[in-house]
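To keep things clear, I will list the structure first and then write my remarks on it.
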Amino acid sequence: MPLTLLKYGLRCSYPSRPFLPDEREAKSTYDVVVIGGGGHGLAIAYYLAQDHGIRDVAVIERGYLGGGNTARNTAIIRANYLTPEGVAFYRESMELWRDLSNVLDINLMYSERGHLTLAHTDAAIRTMRWRAEVNKHLGVESEFVGLDDLATLCPELNLSRSVRFPILAALYHPTGATARHDAVAWGYARAAANRGVHILQETEVTGIVREGGRVIAVETNRGRIGCGRAVQAVAGTSVQVGAMAGLRLPIQPYPLQACVSVPVKPVLDPIVVSGSLHVYIWQSQRGELVMGGATDPYPLHGTRATLDFKESLTMHILELFPFLAEARLMRQWAGVTDMTADFAPIMGLTPLANYFVDAGWGTWGFKATPVAGKRMAECIATGRQPDILKPFHLERFRDFRLLGEKGAASVGH
Amino acid sequence: MSQIYRLAEGGRIDRSRTLTFSFNKRKYQGHPGDTLASALLANGVSVVGRSFKYHRPRGIVAAGVEEPNALVQLGTGARTQPNLPATMIELFDGLSAESVNCWPNVDYDVGSITQWFSPIMPAGFYYKTFMWPARYWMAYERVIRRAAGLGKAPTQPDPDIYDKMHTHCDVLVVGGGPAGLAAALAAGRAGARVILVDQQPELGGQLLAERAVVNDEPALDWTNSAARELAGMDDVRMLSRTTAFGYYEHNYVALLERRQTGPSNTANGSRERLWKVRAKQVVLATGAIERPLVFADNDRPGVMLAGAVRQYVNRYGVTPGPRIAVFTNNDDAYRTVLDLADSGVRIAAVVDVRTDPVGELPEKTIARGIEVIKGSAVVRAKGGWRLDTAEVMALDGSAETVTGSVRRIPCDVLAVSGGWNPAIHLFSQSGGKARFLDDTACFVPGASVQAERSAGACNGAFALADCLAEGLAAGASAASAAGFTRKSRRKKPAADTVGEAALRPFWVVPAVGGKRRGKHFLDPHNDVSVADVELAQREGYESSELTKRYTTLGMGTDQGKTGNIHGLAIMAGMRGVDIPTVGTTTFRPPYTPVTFGAFAGRDIGGLYDPVRVTPMHRWHVNAGAKFEDVGQWKRPWYFPQEGETMREAVDRECLATRNAIGILDASTLGKIDIQGPDASELLNRVYTNAWKQLAVGRCRYGLMCTEDGMLFDDGVTTRLGENHYMMSTTSGNAARVLAWIEEWLQTEWPELKVYANSVTESWATAAISGPLARTLLGELTDIDLANDAFPHMSFQEAHVAGFPARIFRVSFTGETSFEINVPASHGLALWTALMDAGEPYGITPFGTETMHVLRAEKGFIIAGQETDGTVTPIDLGMDWAVSKKKDFIGKRSLNRADCVRADRKQLVGLLTENPKDVLPEGAQIVSELKDRPPMEMIGHVTSSYHSANLGHSIALALIKGGRERTGETVHVPLVGGTLTATITDPVFFDPEGARLRG
């Protein structure tokens, strides 16, 4: 690929071969219909084709590829969760991430900057030790570090003892990473299309047709599309799409806002998170500081930006990095997150025999894109819940087998 | 070389004073009224920056916020500001600025070698390269990060102050140009409370750049009289140097006022002020932003916007160069031509893409003998460091190709105009959708979503007469909608109408021979060219959003204020659809970048978050206590004596409490006063145990669950009277519990007659605990403290040391304890009295750490330490506090399959094999030890301490099926080795409770 780039460069013209697939005419029926053309949906389609040879697949997207939460998240990838179930799942995701640029032949800018979760209280220290221990047991690099190590890992942090909530220690996750979020959707889209998957943008699902406990078709603004199986991967509208299939998903939508600063020269290497101060921050390759905080305190479907978000976020940022007062905030946006009661996703089989869900991704969906895609594809192909997905089954809410990942969520809720 | 391009006269600068400033370490001069940009142009500085990706030399393009190139680093040290547009920096004496993104300097930038590689750096090239081998990306990234990023952030905390103002008004007018002034006048005359904001140092907006006439006098005279009239109105506030940057829900508009224009000085108060305005009605009069025409190497220094050139001449008395050519598709650029000619600047030629420009202004131009090259286009800007030649070719009829021979026009500046884009950013932020006007080829506001209206150029009404008329109408209707309809007999401003011919929508000059040479920049800030957008489209990034993300078009600090629409036009052309079908960008706040400092305001450092302290805090400080943050509270953690380690201090405090008497400041415990006939019913519903039979004067320990049956909070509640309870909560959860009760009362149980009220800060609480506690209290009160007169879990009102007090006999230490509550103002006096009277008994103040050890010895839980939102009361072995009969929040969940599993994690005690080992809290427990992970984890340590009283370490843990495993040996593998422990009952001390009942 670098050679081709050089070749085109010397010729001063670039290939007209599309990187993303041409828009196609929708067929009347597909074996599998994937509702949602974000990272997860496209990854499901890719792994269906790649791992299971199921190529008669359509991905249906109401807007543009990766235009939902794939475009709106802050691109942080980590596996230092609290429950063994969560850690095992995200560890597999990180293994897939590491090789993904080569697999998809697109530079996802996967960058293991290291991830620091700051502790400002005794209680936070206890949770971090707990997380570090669980992580180590499951083979995830994670350690509890004191102030001396912190001063080396992130010398920019204000480690003064005379601030309101002094930093006491941190959970350090050396393999914590970031990736170019848009490119993930593009990479999966291309790889899926190259394997025969149809990707239908600007196609909105308006209804799901059922017959005898099975889904037989989806209604769209382009007409009815028949299906042998269907899966939904529609973060932000999971409840509505689930309802079309007659499912009541235990999810509430909360907006999560984020913003970036004007680009500046490198000032920050690791990803820094403070749960007590409701803030996370890292610096992109372009020099923008990428920042987020707590979800909005009330359920809402809107993606509006608010002023109080910026006010509280910046005061927290300045508490950690007082030298940034002259940095300027450039762009702000929001996504709608699907929150579940136990801060863990809902994946796999549903009461409908041939309908699958990939939902409840709250504020942690991007990092799971590869593993969710791979394992959901397995689930759809085999009709069985893979072991690694068993803890995330929808049924857990009936039986109350909740997971309790709240302690490991990086943002406040 | 001093101000060689300063015109002999004109402009709104103060020529009587000269300011000295430095740019890239060279000294220059300018005048008050200049911007850094106008002063640099006056001094003939053409290259002011380097571009983001290719490091190409760049000059000043614009005169306002839309400037994409001239970004500078202003000042040095702690106050340095990166990436400010030179066009928005008011000149002051001693100003010092430098170009960003170049090394060693702007003229010889090593980074510019990247432009030789530009053929292999098309849009999205990052995605296609730097990935062999994949693990090297991190190394590439380091280099890329250094090359990107523009300016430098300061390294020191900012010494400046930022503050905030909250205000309301009837009519907020954004923009102090002709439309905004007219609107403010109309609204003010109608009697409304008006706020008029403008981002410039003086009112007038576009009039500052024009030689226009209003009411038969120079427009700026009218501006001045309008400003005077507004200043004379009681209820009108005018804010200059103030940018409305965010339009939020319910007409909530955020403004940023720049209050110090010279060097910052904290002695002058705040540097910036964030205004938070809630307006009944908003009038948007935000004007328009000129857009360029795109041709080869259109980023060459010297290529500028025509309106900006006019502004430099008319407002600053500067010509950007001695020989100026003009390239346009509309009549407005002819104003620039005529004004330049009037100022004696040589016009090289006017190139107009229209074959027959028929408006008044082109006719005047031609009549003055200035050459107008019709039906033609500039195909390329040539020159070295700056423009020296514009290459012009004829357009064919459809404007799809250029034909004929190349005509070379020598010029230093090329003033370009592709028409104007209404500044609809705030309208878009308000939630409105734009609509496209075909004749002026621009987006204008569609239907209003909030109580808002647009007037003037931002509404697509570009002519001055229309701006004034729309402004007056909008101001009057906004005032009327806000309830103000007073009629005014004042003269309405009016201007003559100039006969302007239509513009010809035109975006990108066709390539010579169909093959594009050189770079055609759409977004000079991010170095995005026409070829990049075309490539993105060919590669399948069809949606305008995808193209934007792939190419980074419009994502720079200027947020694409000049070139975004060209991108849409190119996409529309390639796809054979019209521009509105391709779409428009949704503008999000902020309109221009805003400092973190302004958003944070004063809520930093010492004012970051309130510190809550108890009435006894001063005593603790004097006693040398170490403090712990518990929520917002500062609680004494332990009281070390001289030379003591924490462990020694805690051991001493623990022993003293068990053997004599300890005293704890428990004022931070949440206290909720609950009153009403349904008070018992409320408690019965929120607590897991039964409350209806509790006698007046008795206390009961209760557990609260969330709906999912998981423990949420615990505490002792006392029945003070028939319908009156005092609930206590954990310190950290006090507000949450009250909010929880309120939520249930207001949303689910509105029929209950009961009120809950926080009284945490009304009472100070001193808890005395230990075998001598009763003796001490007996000395300070005259009530009967005998065990049967004042039993465990009961309450009495009495005087203690002369203060009216509520005494609760409850215990969290396992010793006989009295929690003495007095009105907060007596707290310190009570504490001091207890300390004085207790001295003979060896009274020992203890902090939270000792409290934790003592309660752990007793196996008492702490909500939030033994629980994490997944633990039920049954898991904790507290079935005795869970009613089987009555209903309560969480009851149904406790019967769910998963909540009755036998192998749930249950609370147990752990004793280490070596009594000296203290297990780390959070450590994982395994039953079967292997050489290395993974091992099956069966639980974790929640609390762990050295117990001085017991002489060994103790720990509490949650272990799967733990109660059944009592007596089993488990392992705790740690980095430094494995510890072994035995599972025990969680109560380590006085399991019968003889001491606390005694």
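The values are calculated or read from the model by the stated rules, or taken from the named source; none is laboratory data. Because the structure is a prediction, the values reported are computed rather than measured. Methodologically, a virtual Cβ is constructed for each residue, glycine included, from the backbone with ideal geometry; neighbour enumeration extends over all protein chains shown. All accessible areas refer to the heavy atoms of the entire protein, side chains included, with ligands and DNA or RNA removed. Shrake-Rupley method; radii C 1.70, N 1.55, O 1.52, S 1.80 Å.
For the reader, a short list of remarks on this structure follows.
- Taking the charge dipole of the stretch B:1-75 about its Cα centre, with +1 at Lys and Arg Cβ atoms and -1 at Asp and Glu Cβ atoms, the residue from B:Ser38, B:Val65, B:Gly49 reaching farthest to the positive side is B:Gly49.
- Rounded to two decimals, the Cα-based Rg/Rh of chain A, with Kirkwood Rh, is 0.98.
- Note on A:82-89: average number of Cβ atoms from other chains within 10 Å of each residue's Cβ is 1.
- For the stretch A:143-149, backbone phi angles converted through the Karplus equation (6.51, -1.76, 1.60; θ = phi - 60°) give residue-by-residue couplings of 9, 8, 10, x, 5, 4, 5 Hz, Gly and Pro being listed as x.
- Within 10 Å of each Cβ in B:284-293, the average number of Cβ atoms from other chains: 0
- Förster radius 51 Å - calculated FRET efficiency between B:Ala367 and B:Met165 (Cβ-Cβ, nearest 0.05): 0.45
- Estimated translational D of the stretch B:609-897 in µm²/s (Stokes, Kirkwood radius over Cα pairs; 4 °C; 1.567 mPa s): 66 µm²/s
- Rolling a 1.4 angstrom probe over the protein heavy atoms with all chains in place gives the stretch B:886-998 an accessible area of 47 Å² per residue.
- Normalised by the number of residues in chain A, the mean separation of alpha-carbon contacts (under 8 Å, six or more apart) gives a relative contact order of 23 percent.
- A Förster distance of 56 Å, applied to the separation of the beta-carbon atoms of B:Asp107 and B:Ser398, puts the FRET efficiency at 0.85.
- A cut-off of 5 Å between modelled amide H atoms, ignoring neighbours fewer than 5 places along the same chain, links B:Val236 with B:Val194.
- Considering only the Cα atoms of chain B, their convex hull presents on average a projected area of 51.0 nm².
- Acute angle (nearest 10 degrees) that the helix B:848-857 long axis makes with the longest principal axis of chain B, alpha-carbon atoms: 50 degrees
- Residue ranking by accessible heavy-atom surface, 1.4 Å probe, largest first, among B:Val577, B:Val800 comes out as B:Val577, B:Val800.
- Pairwise centroid distance, computed over Cα atoms, of the stretch B:440-474 with the stretch A:298-374, Å: 37 Å
- Residue-by-residue Karplus 3J(HN,Hα) for the stretch B:237-250, coefficients 6.51, -1.76, 1.60, Hz, glycine and proline x: 10, 10, 10, 9, 6, 10, 10, 7, 10, x, 10, 10, 5, 6
- Per residue, the Cα convex hull of the stretch B:1-157 amounts to 135 Å³.
- Computed from backbone phi with θ = phi - 60° and the Karplus coefficients 6.51, -1.76 and 1.60, the 3J(HN,Hα) list for the stretch A:265-281 is 4, x, 10, 8, 8, x, 8, 10, 10, 10, x, 5, 8, 6, 7, 9, 8 Hz; x is used for glycine and proline.
- Helix A:39-52 and the long axis of chain A differ in direction by around 60°, with both axes built from C-alpha atoms.
- Gap separating the Cα centres of the stretch B:830-870 and the stretch A:200-220, nearest whole Å: 62 Å
- B:Val372 sits among other residues whose Cβ lies under 12 Å from its own Cβ, and their net charge, with Lys and Arg +1 and Asp and Glu -1, is -1.
- Angle between chain A longest axis and helix A:369-382 axis [Cα atoms, degrees, rounded to 10]: 30 degrees
- Three-way shape label, the stretch B:812-927, alpha-carbon gyration tensor, a/c 1.5: oblate
- Those residues of the stretch B:893-913 for which accessible area with every protein chain present is at least 50 Å² below the isolated value (1.4 Å probe): B:Arg896, B:Asp898
- Under 23 Å from the Cα of B:Lys858 - lysines, other chains or at least 8 residues apart: B:Lys905, B:Lys916, B:Lys960
- Which listed pairs, of B:Lys692/B:Lys885; B:Lys164/B:Lys433; A:Lys265/A:Lys310; B:Lys53/B:Lys515; A:Lys367/B:Lys930; A:Lys136/B:Lys930, have C-alpha distances above 20 Å, in listed order: B:Lys164/B:Lys433; A:Lys265/A:Lys310; B:Lys53/B:Lys515; A:Lys367/B:Lys930
- Accessible surface calculations at 1.4 Å, restricted to protein heavy atoms, place the stretch B:601-723 at 39 Å² per residue.
- From its DSSP helices (H runs of at least four residues, each -39,500 (n - 2.57)), the protein assembly as shown gives a residue-normalised ellipticity at 222 nm of -7000 deg cm²/dmol.
- When only Cα pairs below 8 angstrom with a gap of at least 6 residues are kept, the stretch A:74-168 shows a relative contact order of 30 percent.
- For the residues of A:278-290, the average number of beta carbons from a partner chain within 10 Å of their own beta carbon is 4.
- Summed residue charge, Cβ within 12 Å of B:Gln450's Cβ, Lys/Arg positive, Asp/Glu negative: +2
- Taking every DSSP bridge with both residues inside chain B, close to 75 percent are antiparallel.
- For the protein assembly as shown, the convex hull spanned by the alpha carbon atoms encloses 191 Å³ per residue.
- Computed on chain B, with alpha-carbon pairs under 8 angstrom and 6+ residues apart, the relative contact order is 9 percent.
- Heavy-atom accessible area buried between chains A and B is around 9100 Å² (1.4 Å probe, both sides summed).
- Calculated FRET value between A:Asp387 and B:Arg278, using beta carbons and R₀ = 41 Å, to 0.05: 0.15
- Solvent-accessible area, 1.4 Å probe, carbon plus sulfur percent, for the protein assembly as shown: 51 percent
- Quarter of Cα convex hull surface for the stretch B:520-618, i.e. mean projection, nm²: 9.5 nm²
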